[in-house]
Structures are given as C-alpha cells and as structure tokens.
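**Student:** Provided herewith is a single structure, encoded as structure tokens, for subsequent inquiry.
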Amino acid sequence: MQVTPTAIADVLLIEPKVFGDERGFFFESWNARALAEAGVDAQFVQDNHSRSGRNVLRGLHYQVEHAQGKLVRVIAGEVLDVAVDLRRSSPTFGRWIGEILSAQNKRMLWVPPGFAHGFVVRSDTAEFLYKATDYWYPEHERTLKWNDRALGIDWRLDGEPILAPKDAAGMPLAAADVYP
C-alpha cells in the first residue's frame, strides 16, 4: 500500500497493492495496522454506499459537531472526489484538492475530520463507498456551496451538474459554519 500526501498534507491518497491475474484481482481496501503506520489511525463506525448517474454532484457535506473522517473509494465507474479544508486554524483553510477515483485505478482518499467532502460522477454511473469515523447526525450536517467563487473548485464538469435541493442551497465559505 502506498500512501501519498496531497497538496493538503492531511488528505492522503492511498493506492493499494493489487494482486491480479487471469482470474481477476485482490487487494486490501482497509488494513488498520498498515494505515495507522501511514498516519490514518481511525476507528470507523459506519460504512456508506451510494450509486449515482453521470454529472450527479453530491456535496460538499460536513458535520459541525461529530466531524467525520472518511476513507472513500469507487467500486464502479469514476468520480472527481473533492475535499475542502474548513479548519480555520489550518494554513490550508479554504483550499481544496480533487482526485480522480475509479474502479479501474482503485485509489482511495483519506479525508480527515474538519473537511467538507463531495464528488461528481464522470462515468455513466458510479458506485461510491466510504467508511466514516462518526455517525450521521442530520441536525449537525452542513453543506458548503459547491460553486462558491471563493473556493474556485474546478469540477471538470461535462454539462450542468445534477444536484439535490440541499446541495443547490449550500452556504458560501464566508457564511459557513467552520471548525476552529
């Protein structure tokens, strides 16, 4: 397993060692010991699975209390996965990173607590899995505006995004609840 810091050092790109032959492939998608040695010492309490069509944009979601760390990956299709640093005390506050995650490249992204997270589907469909370090608390969930000019996220869209009402109504960074 290779773990590489992204442009925001706390967000990690994880590339598992894949063993493949004519029968298919095998890899460890989670190994607590190996990832703890690489800096991801997390206890996961919930697994989530979503399926979305092309141009569906989900996010940018976070919880103001019970902040969640997320280990995310794609098992079918391809997405652009985005994390935004919402830790006011961080030198990278308000910055974002985006990584292509796909069933083909088998990459995973560690998004630690203190970040907003979202993705847009770049294939006909995508199935997205993530492990979370805390439970979902709807009363603490917030949505950051996906197209806030202050963030300048390049979603690499192919047409207009398909949004849930809560994602369309997200708050700009200047008005959003953030972390200390």
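The values are calculated or read from the model by the stated rules, or taken from the named source; none is laboratory data. Quantities reported herein were computed from a predicted structural model and do not represent experimental measurements. Virtual Cβ from ideal backbone geometry, glycine too; neighbours counted across all protein chains shown.
**Student:** Tell me, please, whether a residue that is of a type in the set (A, V, I, L, M) and either within 22 Å of D124 (Cβ to Cβ) or free of Cβ contacts under 8 Å to residues at least 24 places away in the same chain (or both) can be found in segment 84-99.
**Tutor:** No, every residue in segment 84-99 fails to be of a type in the set (A, V, I, L, M) and either within 22 Å of D124 (Cβ to Cβ) or free of Cβ contacts under 8 Å to residues at least 24 places away in the same chain (or both).
**Student:** Any chance you could count how many residues in segment 11-37 are aliphatic (A, V, I, L, M), in a strand (DSSP E or B) and out of contact with any Gly (no Cβ under 8 Å at 6 or more places or on another chain)? Quick ask: steps written out before the conclusion?
**Tutor:** Restricting attention to segment 11-37, the residues satisfying the condition of being aliphatic (A, V, I, L, M) are 11-14, 18, 32, 34-36.
Right, trim to in a strand (DSSP E or B) and you get 12-14.
This time we only want the ones that are out of contact with any Gly (no Cβ under 8 Å at 6 or more places or on another chain), so: 13-14.
Residues flagged as aliphatic (A, V, I, L, M), in a strand (DSSP E or B) and out of contact with any Gly (no Cβ under 8 Å at 6 or more places or on another chain) within segment 11-37 amount to 2.
**Student:** Now, a different point. Can you tell which of L109, L144, L173, L101 is surrounded by 14 or more Cβ atoms within 10 Å (Cβ to Cβ), in contact with a helix residue (DSSP H, G or I) (Cβ under 7 Å, 6 or more places away or on another chain) and of a type outside the set (K, R)?
**Tutor:** On inspection, the qualifying residue turns out to be L144.
**Student:** Condition test on S52, is it crowded, with 19+ Cβ neighbours inside 10 Å, over 12 Å from the mean Cα position of the chain (by Cα), modelled with pLDDT of 95 or more and of a type in the set (S, T, N, Q)?
**Tutor:** On the way: crowded, with 19+ Cβ neighbours inside 10 Å: yes; over 12 Å from the mean Cα position of the chain (by Cα): yes; modelled with pLDDT of 95 or more: yes; of a type in the set (S, T, N, Q): yes.
Yes; evaluated as a whole, the condition is true for this residue.
**Student:** Would you please list the contacts, defined by Cβ atoms under 9 Å and residues six or more apart or on different chains, that run from a residue in segment 104-128 that is closer than 26 Å to F26 by Cα to a residue that is polar (S, T, N, Q) and buried (at least 24 other Cβ atoms within 10 Å of the Cβ)?
**Tutor:** V111/Q68
**Student:** Identify, from the list G94, G59, the residue that is surrounded by fewer than 21 Cβ atoms within 10 Å (Cβ to Cβ), within 28 Å of D148 (Cβ to Cβ), in contact with a helix residue (DSSP H, G or I) (Cβ under 9 Å, 6 or more places away or on another chain) and not basic (K, R). Lay out the reasoning, then the answer.
**Tutor:** Details: G59 fails: surrounded by fewer than 21 Cβ atoms within 10 Å (Cβ to Cβ).
None of the other options fit; the residue is G94.
**Student:** Identify the residue in segment 136-173 that is touching a residue at least 60 places away in the same chain (Cβ under 8 Å), charged (D, E, K, R) and outside any strand (DSSP E or B) and, among all such residues, is farthest from M108 (Cα to Cα).
**Tutor:** The qualifying residue farthest from M108 (Cα to Cα) is E160.
**Student:** Take the residues in segment 121-160 that are closer than 20 Å to V84 by Cα and among the polar types (S, T, N, Q), then tell me which one is farthest from the chain's Cα centre (by Cα).
**Tutor:** Applying the filter and picking the extreme gives N147.
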